[in-house]
1. Which whole-Hz couplings ³J(HN,Hα) result when phi for each residue of the range 20-32 is put into the Karplus expression 6.51 cos²θ - 1.76 cosθ + 1.60, θ = phi - 60°, listed in order with x for Gly and Pro?
2. For the chain, modelled as a GNM with alpha-carbon contacts under 10 angstrom, which of 93, 19, 40 fluctuates the most?
3. Give me the Kirkwood hydrodynamic radius of the chain, using the inverse of the mean 1/r over all pairs of distinct Cα atoms, in Å to one decimal.
4. What percent does the relative contact order of the chain come to when contacts are Cα pairs within less than 8 Å and at least six residues apart?
5. Are there chymotrypsin sites (Phe, Trp or Tyr not before Pro) in the range 13-94 that DSSP marks as loop and that have at most 10 other Cβ atoms within 10 Å, and which are they?
6. Tally Lys/Arg at +1 and Asp/Glu at -1 over every other residue whose Cβ is under 13 Å from the Cβ of residue 36; what's the total?
7. Only bridges with both residues in the range 2-134 count here: give the DSSP antiparallel percent, nearest 5.
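Throughout, read-outs are computed from the coordinates displayed, never taken from laboratory work. All values derive from a computational prediction rather than experimental measurement. Reconstructed Cβ throughout: ideal geometry from the backbone, glycine too, with neighbour counts over all protein chains shown.
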Amino acid sequence: MSMVDPVFGEVTYAYGWSKPFEVRLWNRGYRIDCVASAYKGQEIAEEQRRQFRYFLERQSDNERRICELLEQYYSLQIGPVITGNAQLQLMVKPTELVFERDGSYAMLFDCSWDADNGVAVRLSPEEQVGPQNLFI
């Protein structure tokens, strides 16, 4: 099932409304899924639209902040301090930008240090980084 949302654009339902989305992290482009969480029969919530609009208005700042938070998290929680972001780029791959029904949102990554859980960088309602299972 698919529809055209006034903010998200053309989306398809598969355990939430999703569409392909481009992000730039560490000066590299990635094609990920942008997901508005929803149960079958639910449309995209107004709070999800508001936060997606907010993300888009500040997309380059948000992308830069996601990189900074991920680099800090890795250095403080996971491994040895890394020199430059080239090392981290080899260890993570963004997969989704998820907007929850309450408007909170996070970017999800596959990562080499936790293949089962991956890592998430939440920007709203507060900045937080940790295993994906803490956010979804």
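1. x, 8, 9, 10, 10, 10, 6, 6, 10, x, 9, 9, 10
2. The residue that fluctuates most here is 40.
3. 15.3 Å
4. This gives 19 percent for the chain.
5. Those that pass, being in a loop and sparsely packed, are 15, 39.
6. -4
7. If I count the DSSP bridges inside the range 2-134, around 90 percent turn out antiparallel.
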